[in-house]
Structures are given as structure tokens and as C-alpha cells.
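**Student:** The structure is given below, and queries will be raised subsequently.
The values are calculated or read from the model by the stated rules, or taken from the named source; none is laboratory data. This is a predicted model, so every value here is computed, not measured. Each accessible area value is taken on the protein alone, full model and side chains, heavy atoms only, with ligands, DNA and RNA left out. Shrake-Rupley method; radii C 1.70, N 1.55, O 1.52, S 1.80 Å.
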Amino acid sequence: MWCYRGGSISTEPRINDRIRVPEVRLVGPSGEQVGIVPLAKALELAQEYDLDLVEVAASARPPVCKLMDYGKFKYESAMKAREARKNQAHTVIKEMKLRPKIDPHDYDTKKGHVVRFLKQGDKVKITIMFRGREQSRPELGYRLLQRLASDVEDLGFVESNPKQDGRNMIMVLGPHKKKTEAMAEAREAQAARKAEAKANPGRSQNAADGEIAEGETSEGETSEAETAEASAEASAEA
């Protein structure tokens, strides 16, 4: 009785002695067509060239095999895949929550986050949260969203117009700059900072450490403030 023991199925091609066919269609190291040869002959040529015999088209009849340095081939393939993942852009939607009667200082802080997100090439979902009697004044939220869209119009555009969703009003801003462009500019800026740090190791490193520490503190304070605001709203609703 046949029994499947599990385990993953290998997707790597068969090489050298793992190839189990009487003959193969052989391709040389430079891509030249050698023709159909017995497997023993193909393995002999692989030893002469100090290369591997790699099955590159198993479904062909006979299978197609190529003489190559399999270790080098795997390394180059892994590096290409890594570079492709590095340059791949993922669409990210950030969210920023505001109140209809937001304080001017808080508005500037929230707007700063929206500006940063748009510069990074990310979309931003703006949510106006109404509470209590504020629900009867949706125009307050609409005017606030219009104001924010106008303040960041040089970086983004209104992708989804303001619309009421229960006790919230939502608008989506899209960046003018594509994610790939933002990533490229970020890499260029990073390279410039590294070059400056190399030219002025002491001053540049201290400045960079100060910027990182300041950025972490600022984001931490913002998160705590939003958490406290959310907790207060939950208590009020309860």
C-alpha cells in the first residue's frame, strides 16, 4: 500500500549523478548546442570542463541539460532575487485620525505626519472622528479635510473624496510621487549622508545620532497621545 510520508517537494533541478535518463540534449558552457548525447558522455564532458551537468528542461524529450558551475549559478540567482525584492514597491495605506475641533498645534503635528507619509510615496487615509453632538455638524469635518488637502496639495491629491461612514468621515490622499521614486530618493539621500559621514566622521555621526534620537522620541510621544485619545473616546462612548 502506498503511503505518503510528507515533506517538501524539491524544486531544484537535478544535477550530475541525480539525472536518471539514458540520453540528454546537451548545451555547452557558452550556450552552444552539442546535440543529443548519452548521459555517460555528458557526465564525462562535465568532468573535463570541471563543471556540473544541470537539467534545465526536465519535461523535454530527451531532457535538456547544460554544462555550468551550479554553485555560481545559484549564488547569482539568489542575488538577482534579492535585488528584485529590494526594488519592489509595496502599496501602503497609512491612517491619520483627527477630531473636528482639533487644536491648532495638534493639527500641525498631524499634518507633519501626513506630509512625511506622502513624501515616502504612501497613501494616507484621513479619518475625522465625531463624538456626541459633533455628529450633527458634519460640515466641520468636511472643512477640516478640505483644509488638510489644500495644505498638502503640492505632495498629494484627493484620491477618495470625503464621505460619511457612521460616526466618522473618511478621505484618502494619494501621493504625487510614486513609491519607487521615493525609495530611489531615499537611497540617494542615505548615500549622501554616508559620504558626508565619511568626510566628517565626528560631526556627521553626532548629528545623525541626534536626528535618530529626536525622531524616535517624537514618534513615541505621538503614539502615546493617540492611544490616550482613543482610550478617552472609548470611555466616553461607554
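**Student:** Short version: what are the Cα gyration tensor semi-axes of the range 109-154, square root of 5 times each eigenvalue, largest first, in whole Å? Write down the numbers at each step before the final one.
**Tutor:** On the way: eigenvalues 114, 24, 12 Å².
Over the Cα atoms of the range 109-154, the ellipsoid semi-axes are 24, 11, 8 Å.
**Student:** If I compute solvent accessible area with a 1.4 Å probe over the protein chains, what percent of it on the range 8-152 is carbon and sulfur?
**Tutor:** Answer for the range 8-152: carbon and sulfur cover 50 percent of the accessible area.
**Student:** Excluding residues on the same chain fewer than 8 positions from LYS80, give the lysines whose Cα lies under 17 Å from its Cα.
**Tutor:** LYS72
**Student:** Sorted from largest down, what three extents in whole angstroms do the Cα atoms of the range 132-197 have along their principal axes?
**Tutor:** Here the Cα extents, ordered largest to smallest, are 56, 22, 19 Å.
**Student:** Of LYS97/LYS163; LYS41/LYS66; LYS97/LYS123; LYS125/LYS194; LYS110/LYS198, which ones are farther than 24 Å apart at the Cα? Kindly include the intermediate steps, with their values, before the conclusion.
**Tutor:** Details: LYS97/LYS163 15 Å; LYS41/LYS66 13 Å; LYS97/LYS123 14 Å; LYS125/LYS194 34 Å; LYS110/LYS198 35 Å.
Over 24 Å apart, Cα to Cα: LYS125/LYS194; LYS110/LYS198.
**Student:** When the Kirkwood hydrodynamic radius is evaluated over all pairs of different C-alpha atoms of the range 30-122, what value in angstrom, to one decimal, is obtained?
**Tutor:** Taking the inverse mean of 1/r over all distinct Cα pairs, the range 30-122 comes out at 18.7 Å.
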